[in-house]
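Chemist: Would you mind keeping the following structure in view while I ask a few things?
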Amino acid sequence: MRIWGKVLGAFFGFLLGNIFGALLGLWIGHRFDRGMGMSFRRAPTQQQQAVFFHATFAVMGHIAKASGQVTEQEIRVASNLMDRMHLSGAQRVRAQESFRQGKESGFPLRETLAEFRRASLGQRDILRFFLEVQLQAAFADGRVEADERAILQTIADELGISRIELARILAMAEAQMNFFHRQQQGGGQQQYRQEAPSADRLKDAYQLLGVSESDSDQDIKRAYRKEMSKHHPDKLAAKGLPPEMMEMAKEKTQEILQAWEWIREARGIR
């Protein structure tokens, strides 16, 4: 935390104008500290993005092998992820190689996660997005097995995510999975939006925002804005999200928006 702007501002302000000068100097110093903080932020490097890319598919491969054998559904999830990222040629080969490395018995899970956390500078939105991607592999067959859950707990521990938050993200990921599958079955996003939500879909919408039907309108609106902010593609890109994953972030924000629209309509929120 940068405080020297505040300290010096308050000190010289006090010399010039007693308590009122000190308060003015403190405010100016605060603005200076914030400006310095912004100036020291660097754009993500290609190396950081490469670490994110490798860790994503390697850890996904490790989760897929958790039960001892990689299933067709798990391979399909990884392949679909590559399709959604529009990977082809050398990029797709890199992703497949990382996935293969993750399946090996001696895969260094904790070391890979530690390197990823360092490369991401510990930014929570990026760490959370990474975990959400891994949950797609865990839910490949529609449920999370005990071995997969143990790996997810290790991932959460290494990324500094609590057990309570992990449970909440798991519930939200299950709702997102239901959203995605029902959207595919419904003939695409446009038709999906035009349909009135069923009770199950509305339940998924609440879970996707991390709220319940008993929460107040204000709390639900606040949760919606918070989730949109966390998953904003431009914000994630500025924090190190690889360009190939931008489409996934966009899809996530569309699902959050759809959930909010259904809840807003059902509750008559203006």
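Each row is one residue, and each column tells you yes or no for (1) free of Cβ contacts under 8 Å to residues at least 24 places away in the same chain; (2) in contact with a strand residue (DSSP E or B) (Cβ under 8 Å, 6 or more places away or on another chain); (3) surrounded by 15 or more Cβ atoms within 10 Å (Cβ to Cβ).
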{"site": "Q207", "(1), (2), (3)": "no, no, yes"}
{"site": "G210", "(1), (2), (3)": "no, no, yes"}
{"site": "S216", "(1), (2), (3)": "yes, no, no"}
{"site": "D219", "(1), (2), (3)": "yes, no, no"}
{"site": "H232", "(1), (2), (3)": "yes, no, yes"}
{"site": "E244", "(1), (2), (3)": "no, no, yes"}
{"site": "E251", "(1), (2), (3)": "no, no, yes"}
{"site": "Q258", "(1), (2), (3)": "no, no, yes"}
{"site": "R267", "(1), (2), (3)": "no, no, no"}
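Chemist: Restricting attention to region 209-229, does a residue exist that is modelled with pLDDT under 85 and either touching a helix residue (DSSP H, G or I) at 6+ places or on another chain (Cβ under 9 Å) or under 27 Å from L87 (Cα atoms) (or both)?
Modeler: no
Chemist: Moving to a separate point now. What number of residues within region 88-105 satisfy the criterion of being farther than 13 Å from M60 by Cβ and not hydroxyl-bearing (S, T, Y)?
Modeler: 7
Chemist: So, in region 231-240, how many residues would count as being touching a Phe, Trp or Tyr at 6+ places or on another chain (Cβ under 8 Å) and closer than 21 Å to M177 by Cβ?
Modeler: 2
Chemist: Which of the residues belonging to region 66-112 are open to solvent by less than 80 Å² (accessible area, probe 1.4 Å), modelled with pLDDT under 95 and not in a helix (DSSP H, G or I)?
Modeler: Residues satisfying the conditions are A66, S67, G68, V70, T71, M85, L87, S88, G106.
Chemist: Pairs needed: first member in region 82-108, within 19 Å of M246 (Cβ to Cβ); second member anywhere, exposed (fewer than 15 other Cβ atoms within 10 Å of the Cβ) and of a type in the set (D, E, K, R); C-beta distance under 6 Å; at least 6 residues apart or different chains.
Modeler: Filtered contacts from region 82-108: R84/E247.
Chemist: Just one of the numbered conditions (1) touching a Leu at 6+ places or on another chain (Cβ under 6 Å); (2) open to solvent by 10 Å² or more (accessible area, probe 1.4 Å); (3) of a type in the set (A, V, I, L, M, F, W, C) is not true of L121; which one?
Modeler: Of everything listed in (1) touching a Leu at 6+ places or on another chain (Cβ under 6 Å); (2) open to solvent by 10 Å² or more (accessible area, probe 1.4 Å); (3) of a type in the set (A, V, I, L, M, F, W, C), L121 misses just condition (1).
Chemist: Also, quick follow-up: Can you tell me which of D147, D141 is open to solvent by less than 70 Å² (accessible area, probe 1.4 Å) and either within 20 Å of P243 (Cα to Cα) or among the acidic types (D, E) (or both)?
Modeler: D141
The values are calculated or read from the model by the stated rules, or taken from the named source; none is laboratory data. Predicted model, so just to flag it, every value in this text is computed and none were measured. We place every Cβ from the backbone using ideal geometry, glycine too, and count neighbours over all the protein chains shown. Just so you know, the surface numbers come from the protein's heavy atoms only, side chains and all, with ligands and any DNA or RNA stripped out. Shrake-Rupley method; radii C 1.70, N 1.55, O 1.52, S 1.80 Å.
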